[in-house]
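Here the structure is laid out as structure tokens; the discussion comes afterwards.
What follows is calculated from the coordinates using simple rules that are stated; it is not laboratory data. This structure is a prediction, so every number in the text was calculated from the model and none was measured. All Cβ positions, glycine included, derive from the backbone under ideal geometry; neighbour counts span all protein chains shown.
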Amino acid sequence: MYNVYGPPPGFCFDILCDDEPFIDDKRSFEYNVDKRVDEFLAYIKNATKVYSTNNIIITMGEDFNYQDAEAWFINLDKLIYYTNLRQENGSKYNLIYSTPSCYVKAVHDETANKSVWLVKQDDYFPYASDPHAYWTGYFTSRPALKRFERYGNNFLQVCKQLYALADLGPEDRVDLNSMREAMGVMQHHDAVTGTEKQHVASDYARRLQRGIANCEIITETALNKLSNKSADSDANLLSFNTCPLSNISQCAYSENLDNFVVTIYNPLSRSVNKVVKLPVTGDAYKVTDPKGVSCSTQIIPVPDFVKSIPGRASKATNNLHFIAKDIPPLGWKSYIVKKTDSQTDGSPQKKSETDTFELEDSTFKINASTGLLVQVKLNGISVPLTQNFFYYNGYVGNNEVYENRSSGAYIFRPDGPLKQVTSTTKYSSHMGTIVSELHQTFNEYISQIVRINNIDNYVEFDWIIGPLPLSGTNGMEVVTKYSSELNTKSTFYTDSNGKEMLKRVRNFRPTWKLNLTEPVSSNYYPVTAKIAIRDEDEGVEVAVLNDRAQGGTSLKNGEIELMIHRNCFHDDAFGVGEALNETAFGKGLVIQGSHYLTVGSINSTNGNSTAAIEKDIAQRTLLDTWTFISPLNTDETEYQSNYVMEYSGLLKSLPPNVQILTLEPWIGFSFLLRLEHVFDQGEDSTLSKQATVNLKDLFTAFDVVSLKETTLGGNQWLDDNHRMKFNTNGTLEAIVYDDIDVNTGDNTVHKLWMQDNIYQYRNKREIIVDSEDRFAEFEVILNPSQIRTFIIEIKKK
């Protein structure tokens with residue numbers, strides 16, 4: 001907008017401002033109405049030059065404003081009144097209080113019969129506010145909180161589903177609302193980006209932890225209600241405990257109990273297999289499934305670099321692995337775990353000095369002399385590929401001029417070239433029939449586990465970064481790079497909010513000529529869920545899925561680069577007002593996280609496309625199964641007779657291209673149900689087709705007796721929603737530079753950018769469905785990438 005989102009200069013009326021207020025008492029020596037109106041109209045005269053319509057928007061407010069709302073409105077009342085009074089003398093300006101919605105409607109009505117609008121098809125990333133201030137640091141800032149938020153959403157969906165399936169009452173709603181509200185607050189643009197002050201970040205984390213604790217009351221109550229076979233609902237109550245620190249091999253329940261029950265809940269709308277990992281103190285365990293059949297198990301030692309993580313308080317020396325097979329949709333399976341004297345079933349881990357790690361169809365190889373990855377084979381495709389860690393030094397300046405802009409919470413500005421951490425690692429190999437792992441130590445603050453298992457078609461990179469050095473640098477921006485020999489022609493792809501993929505071309509913007517002043521940070525993009533590269537000639541795609549939002553790029557052909565941790569010793573002067581240097585337990589913050597790398601054929605179809613493979617991984621990692629642990633205080637037979645060990649919330653799995661995005665209690669005997677078609681148009685020859693879901697006899701706990709569709713947010717009946725249509729006269733054309741080689745890395749361009757089908761989805765996807773045909777009885781039709789929201793009235797079975 002003309003003045004970003006602030007008021008005209010001189011017209012801020014809050015306690016944070018010292019602008020001159022309106023003094024309209026003509027007896028006062030400081031009477032200033034005429035002068036103030038003149039100043040405002042001079043501003044308006046310039047502002048109107050950059051708007052296409054006679055309706056223009058003038059924002060009034062700023063960050064942290066309206067602390068003194070009375071002062072604001074007293075002065076705005078006077079501004080409106082005295083400016084409009086000028087109409088008596090021929091002024092053409094009329095001021096009114098308005099809202100964004102009212103402004104858009106006014107613009108729409110004014111241009112209803114005119115074709116004045118252009119359609120912008122590319123996005124605005126990466127954004128820069130001056131030549132050296134690219135706002136690409138916040139894609140990664142506060143990576144622990146970014147992961148905590150993703151973890152919180154995972155549990156919130158589990159909590160809401162179990163609440164609905166168990167038909168809990170209004171007395172439990174306060175606990176559910178605590179988690180809903182915490183996750184709502186976490187969507188604030190400073191929370192999700194990490195651009196808040198440290199004490200605010202701590203408050204966000206505290207609120208989310210409190211919400212999780214309250215939702216644990218919900219899940220325990222619901223699981224007891226659904227699993228207890230006793231007619232007396234208060235008899236034989238179990239505790240269903242969670243292990244939020246299992247990512248660093250810490251869980252008091254699996255460590256301190258010799259015999260316990262593991263309940264694995266699946267929030268997805270189809271059955272899944274899951275490799276369960278539990279921190280334990282013993283060397284041998286027996287695991288039996290709900291039918292009493294023994295499961296294969298595997299023990300792998302906890303690496304020393306995990307044991308030494310600051311704040312870890314655990315006796316666990318090993319991780320116990322077993323496979324939970326066919327966990328039902330919106331349901332669970334319970335497994336009995338008993339500590340034994342010796343490993344009598346399954347396969348213990350074998351420490352090996354091998355350079356090849358292979359399980360089922362997944363393989364990766366390392367260079368035995370360096371311990372670094374050199375090759376990956378997945379889905380029948382072998383790709384030479386290396387992975388290592390690097391860092392940029394952050395730029396430090398006084399921020400007084402563009403050239404002195406610092407790297408900070410908002411801004412990523414490297415000072416000098418990328419530096420490799422090391423060319424060799426200390427490593428150990430651990431092979432087994434369920435999981436094979438490579439444990440790598442790069443230096444005192446970077447270590448990693450590279451892992452494959454025999455049910456997933458990806459290589460997991462489980463990295464631990466920190467504490468970052470506090471001396472010898474100006475701050476560190478740590479990245480990991482996956483380097484292949486693919487000829488990617490300066491092109492890579494990033495997801496848009498976990499949905500469709502957007503095409504990115506290095507050193508290029510499709511609708512304006514780029515003047516590069518920061519060659520690294522100007523090529524960084526937000527990666528919410530996935531970044532991918534393709535070799536169109538070979539028909540191969542390599543993709544990396546992440547467990548939290550991060551910044552990423554491809555600065556060289558065949559490479560994927562993702563930033564995973566950063567500390568900045570100087571503020572970047574964009575409002576945080578303090579350095580980004582997080583600590584925990586008296587030391588620099590340690591980050592543990594995962595990347596999931598997969599390889600596929602671009603030309604595969606019928607559910608075997610790269611999109612199908614990657615979306616399956618995304619669903620299973622972003623809405624992961626949830627592990628609950630209960631003490632086993634009886635023998636196995638008695639437990640099986642007293643409790644339901646296998647449960648499904650659905651009578652049948654949904655099609656592989658559809659998922660229940662939301663199932664939660666609403667008002668009275670109604671639920672909010674949100675269904676999503678997870679594929680975009682053209683992504684897969686089979687799974688990108690229209691899908692149908694019949695809600696009749698779908699749920700085990702209740703019947704759907706009626707449904708009515710709402711808008712996406714559930715705040716308006718769809719029949720009452722009438723969207724404005726704007727007349728357009730074309731699109732912004734792509735800039736074409738005929739004299740530029742796409743492989744040089746300078747101002748790279750693709751001439752057919754706007755013809756690329758990745759951008760055309762915006763025009764193809766809007767499918768209008770007649771309200772009369774929206775669903776026949778209980779059948780819901782979903783077009784590719786469509787999300788539909790319903791309020792369903794239910795009757796308990």
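Can you tell me the length gained on complete extension of the stretch T422 to S653, counting 0.36 nm per residue apart and subtracting the Cα distance?
Separation in residues times 0.36 nm, less the Cα-Cα distance, equals 78.4 nm.
Checking the table K146/K325; K225/K796; K503/K556 against a 20 Å threshold on Cα-Cα, which pairs fail? Don't jump to the answer; show the numbers that get you there.
On the way: K146/K325 30 Å; K225/K796 14 Å; K503/K556 16 Å.
Over 20 Å apart, Cα to Cα: K146/K325.
On a C-alpha basis, how far is the centre of the range 128-192 from the centre of the range 554-599 in Å? Whole number, if you could?
19 Å
Sort L470, L438 by Cβ crowding within 10 Å, fewest neighbours at the top.
On the way: L470 14, L438 25.
In increasing order of surrounding Cβ atoms, one gets L470, L438.
If I model a spin label at Y127 and S52 as a point 7 Å from the Cα along the Cα→Cβ vector, what separation in nanometres do I get?
If labels sit at Y127 and S52, their model points lie 2.1 nm apart.
Report, by chain and number, residues whose modeled amide H sits under 5 Å from the one on L580, excluding near sequence neighbours (fewer than 5 apart, same chain).
Residues meeting the amide H criterion: A409, C568, H570.
Which lysines have a Cα less than 23 Å from the Cα of K92, not counting those fewer than 8 places away in the same chain?
Partners within reach: K35, K45, K49, K78, K105, K114.
In terms of Cα to Cα distance under 17 Å, which aspartates and glutamates are near enough to K489, apart from those fewer than 8 places away along the same chain?
Excluding near neighbours in sequence, the set is D535, E536, D537, E538, E541, E559, E561, D738, D739, D741, D746, D756.
Tell me the chymotrypsin sites (Phe, Trp or Tyr not before Pro) within the range 520-628 that lie in a loop according to DSSP and have at most 13 other beta-carbon atoms within 10 Å.
Details: sites: Y524, F569, F574, F585, Y596, W626, F628; in loops: Y524, F569, F574, F585.
Here the chymotrypsin sites (Phe, Trp or Tyr not before Pro) that fit, given the DSSP loop and packing criteria, are F585.
Relative contact order for the chain: what is it in percent, counting Cα pairs under 8 Å that are at least 6 residues apart? Spell out each step's value before the answer.
Numbers: 1719 pairs, mean separation 116.3, N = 797.
After rounding, I find 15 percent.
Given labels modelled 7 Å from the Cα in the Cβ direction, how far is it in nm from S28 to E578?
3.9 nm
In which sequence would W717, W332 go, from the one with the fewest C-beta neighbours within 10 Å to the one with the most? All intermediate terms of the calculation are to be shown ahead of the outcome.
Working: W717 12, W332 28.
So the ranking, lowest neighbour count to highest, is W717, W332.
Quick one: order C159, C17 by neighbouring beta-carbon count within 10 Å, fewest to most. Present the calculation step by step, with values, prior to reporting the outcome.
On the way: C159 27, C17 17.
The order, fewest Cβ neighbours first, is C17, C159.
Would you mind checking which residues have amide H under 5 Å from K587's amide H? H placed 1.01 Å from N; only 5 or more apart, or other chain.
The list, which skips near neighbours in sequence, is empty: none.
Using each residue's phi in the range 122-132, evaluate 6.51 cos²θ - 1.76 cosθ + 1.60 at θ = phi - 60° and report the 3J(HN,Hα) Karplus result to the nearest Hz, with x for Gly and Pro.
Whole-Hz 3J(HN,Hα) from phi for the range 122-132: 8, 9, 9, 8, x, 8, 10, 9, 7, x, 10.
Given R₀ = 35 Å, what would the calculated FRET efficiency be for T711 paired with E171, taking r from the Cβ atoms and rounding to 0.05? Mind showing how you got there, number by number?
Working: r = 30 Å, r/R0 = 0.86.
Between T711 and E171 the formula returns 0.70.
Given 0.36 nm per residue, what is the gain on full extension from S91 to S202 after removing their alpha carbon distance, in nm?
On the way: separation 111, 0.36 × 111 = 39.96 nm, distance 5.22 nm.
Result for the pair: 34.7 nm of gain on full extension.
Which entries of K307/K426; K229/K696; K274/K426; K307/K419 show an alpha-carbon separation above 23 angstrom in the structure shown?
On the way: K307/K426 16 Å; K229/K696 26 Å; K274/K426 30 Å; K307/K419 28 Å.
Too far apart for the 23 Å limit: K229/K696; K274/K426; K307/K419.
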